[in-house]
Amino acid sequence: MLYPVIWHDNSVRLIDQTRLPNEYVVVEIHRSEDMAEAIKTMIVRGAPAIGVAAAYGMYLGAREIETSDRHEFLLGLEQVAQLLRSTRPTAVNLFWAIGRMMQTAYETLGNVEEIKQTLLETAVAINKEDLQTCQAIGDHGLAALPKNPEKLTILTHCNAGALATAGYGTALGVVRSAWRENRLWRVFADETRPRLQGAKLTAWECVQEGIPVTVITDNMAAHCMKQGLIDAVVVGADRIAANGDTANKIGTYSLAIVAQKHHIPFFVAAPLSTVDFQLADGNKIPIEERHPVEIYQIGDTVITPSEVEFYNPAFDVTPAELITAIITENGAFAPSDLLKSAR
Ligand code: MRU
């Protein structure tokens with residue numbers, strides 16, 4: 001099993017996801033600022049993994065604060081939280097994990113050293129819980145998949161795998177469970193322009209596990225569906241509003257539309273930490289815009305004329321009505337029943 005974020009020997013080790021699949025490099029993070037940079041530059045990415053990384057980032061920041069005064073310590077920790085919150089806006093797991101760490105700090109009685117110790121324990125707990133959550137999502141997802149054909153071809157978008165979580169994955173967790181139970185024929189992985197998480201990361205993860213995988217470019221999905229090659233679509237999520245509207249990697253929305261057109265079930269697999277119950281619908285989900293270099297340059301080569309403008313939203317929002325079910329650690333729910341899933 002792959003673990004993209006681990007606590008080891010007083011520092012955090014991250015698999016550098018910007019270098020896969022060509023190089024497998026593990027970076028050591030000792031300071032909260034370096035963790036913020038790692039999240040921003042996508043050394044660590046994927047909503048749940050960002051949450052776990054931010055939780056450790058909070059502890060790293062806490063241990064840098066040199067005071068024994070509780071009030072002063074909490075003020076310093078708020079600044080660390082602010083730095084980590086400013087890294088990426090869409091994945092709510094980031095804010096959820098930071099919120100949980102802040103709450104731990106406020107609620108822990110005792111001196112500053114004791115608060116620091118509890119913060120480390122909480123970060124480790126968030127990490128462990130996410131792994132268990134993903135395994136539960138995988139098994140609930142397997143139960144929710146179509147019964148026919150016996151061996152399914154599942155299309156996925158971006159990377160919602162072990163690399164994007166504490167391990168096992170959400171959408172790829174469902175794939176892993178299906179593979180384990182002999183219910184999977186193969187995975188179709190959308191390449192996922194512009195950052196190519198599908199071609200680089202999902203494909204790499206599948207190869208590591210011996211799961212058969214076919215990479216297609218994003219614009220081939222409709223054609224593959226029309227040809228009858230796809231039995232189900234399973235994707236992850238960065239933020240799900242209370243009504244089930246789901247923000248995920250750019251291109252997910254169009255995939256959901258073409259899946260509906262071809263009567264192919266469309267599943268979202270995500271932990272409850274990805275649900276933002278404060279937002280009634282998806283309209284107010286903040287969508288990250290990234291640098292246009294991701295569009296105009298492939299490798300070292302600029303591919304567009306210099307006079308053009310660019311628009312590079314990293315996520316889109318799929319309306320709940322296009323989603324067959326949302327799979328959480330508590331089971332598979334129709335988007336309209338999402339509130340029930342939290343109980
Ligand atoms: O920009 P990224 O690579 O962080 O985007 C990741 C996704 O969109 C994933 O599908 C989502 O975070 C779910 S990961 C289990």
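Residues in the range 18-38 that are crowded, with 18+ Cβ neighbours inside 10 Å, within 15 Å of the ligand (Cβ to nearest atom) and over 18 Å from PHE95 (Cα atoms): LEU20 only. Tell me the strands (runs of 3 or more DSSP E) entirely within the range 1-88 that contain at least 2 residues that are under 23 Å from ALA105 (Cβ atoms). By residue number, 5-8, 11-15. Taking the criterion of being hydrophobic (A, V, I, L, M, F, W, C), out of contact with any Lys or Arg (no Cβ under 7 Å at 6 or more places or on another chain) and within 20 Å of PRO265 (Cα to Cα), the residues of the range 156-202 that qualify are ALA160, ALA171, LEU172, VAL174, VAL175, ALA178, TRP179, VAL187, PHE188, ALA189. Residues in the range 244-258 that are among the β-branched types (Val, Ile, Thr) and not in a strand (DSSP E or B): ILE250, THR252, ILE257, VAL258.
Confirm whether VAL112 is at pLDDT 95 or above, within 16 Å of the ligand (Cβ to nearest atom) and in contact with a Ser or Thr (Cβ under 7 Å, 6 or more places away or on another chain). For VAL112, the condition - at pLDDT 95 or above, within 16 Å of the ligand (Cβ to nearest atom) and in contact with a Ser or Thr (Cβ under 7 Å, 6 or more places away or on another chain) - is not met. From VAL234, VAL275, VAL258, which residue is away from the ligand (no atom under 14 Å from the Cβ) and aliphatic (A, V, I, L, M)? Among VAL234, VAL275, VAL258, only VAL258 is away from the ligand (no atom under 14 Å from the Cβ) and aliphatic (A, V, I, L, M). Here's a check for you: in the range 164-195, which residue that is among the aliphatic types (A, V, I, L, M) and part of a helix (DSSP H, G or I) is farthest from CYS224 (Cα to Cα)? Only one residue fits best here, namely ALA164.
Close Cβ contacts (under 7 Å, 6 or more residues apart or on different chains) running from residues in the range 324-343 that are closer than 15 Å to PHE267 by Cα to residues that are of a type in the set (Lys, Arg) and outside any strand (DSSP E or B) comprise PHE333/LYS340. The residue that is farthest from LEU20 (Cα to Cα), counting only those in the range 175-220 that are small (Gly, Ala, Ser) and touching a Cys at 6+ places or on another chain (Cβ under 9 Å), is ALA189. Between THR90, THR67, THR41, the distinction of being of a type in the set (Val, Ile, Thr), under 16 Å from the mean Cα position of the chain (by Cα) and surrounded by fewer than 20 Cβ atoms within 10 Å (Cβ to Cβ) belongs to THR41 only. For the range 163-208, the set of residues classified as of a type in the set (S, T, N, Q) and either over 16 Å from the mean Cα position of the chain (by Cα) or away from the ligand (no atom under 11 Å from the Cβ) (or both) consists of SER177, ASN182, GLN208, listed by residue number. Give the residue that is nearest to the chain's Cα centre (by Cα), with candidates limited to residues of the range 153-162 that are buried (at least 24 other Cβ atoms within 10 Å of the Cβ) and outside any helix (DSSP H, G or I). That would be ALA160. ALA314 fulfils the conditions (1) among the small types (Gly, Ala, Ser); (2) touching a Gly at 6+ places or on another chain (Cβ under 9 Å); (3) closer than 24 Å to ILE39 by Cβ except for a single criterion, (2).
The rows are residues; the columns are (1) touching a residue at least 24 places away in the same chain (Cβ under 8 Å); (2) surrounded by fewer than 23 Cβ atoms within 10 Å (Cβ to Cβ); (3) aliphatic (A, V, I, L, M); (4) within 17 Å of ALA259 (Cβ to Cβ).
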| residue | (1), (2), (3), (4) |
| --- | --- |
| TRP204 | yes, yes, no, no |
| PRO212 | yes, yes, no, no |
| VAL215 | yes, yes, yes, no |
| ASN219 | no, yes, no, yes |
| MET225 | yes, yes, yes, yes |
| ASP231 | yes, yes, no, yes |
| VAL234 | yes, no, yes, yes |
| ASP238 | yes, no, no, no |
| ASN243 | yes, yes, no, no |
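The number of residues in the range 196-222 that are assigned to a helix (DSSP H, G or I) and either more than 20 Å from LYS249 (Cβ to Cβ) or hydroxyl-bearing (Ser, Thr, Tyr) (or both) comes to 4. The strands (runs of 3 or more DSSP E) found wholly in the range 259-343 and carrying at least 1 residues that are in the same structural domain as GLY228 (by TED's automatic domain parsing), in contact with a helix residue (DSSP H, G or I) (Cβ under 9 Å, 6 or more places away or on another chain) and closer than 16 Å to ALA136 by Cβ occupy 266-269, 325-328, 331-333.
Does ALA221 satisfy the condition of being away from the ligand (no atom under 11 Å from the Cβ) and closer than 30 Å to ASN148 by Cα? So ALA221 passes the test. Going by what's in this entry, would ILE115 be described as closer than 24 Å to SER68 by Cβ and either outside any strand (DSSP E or B) or in contact with a helix residue (DSSP H, G or I) (Cβ under 9 Å, 6 or more places away or on another chain) (or both)? Yes, satisfied.
The values are calculated or read from the model by the stated rules, or taken from the named source; none is laboratory data. Here the structure is a predicted model, which is why all the values come from computation and not from measurement. Backbone-built Cβ (ideal geometry, glycine too); neighbour counts: all protein chains shown.
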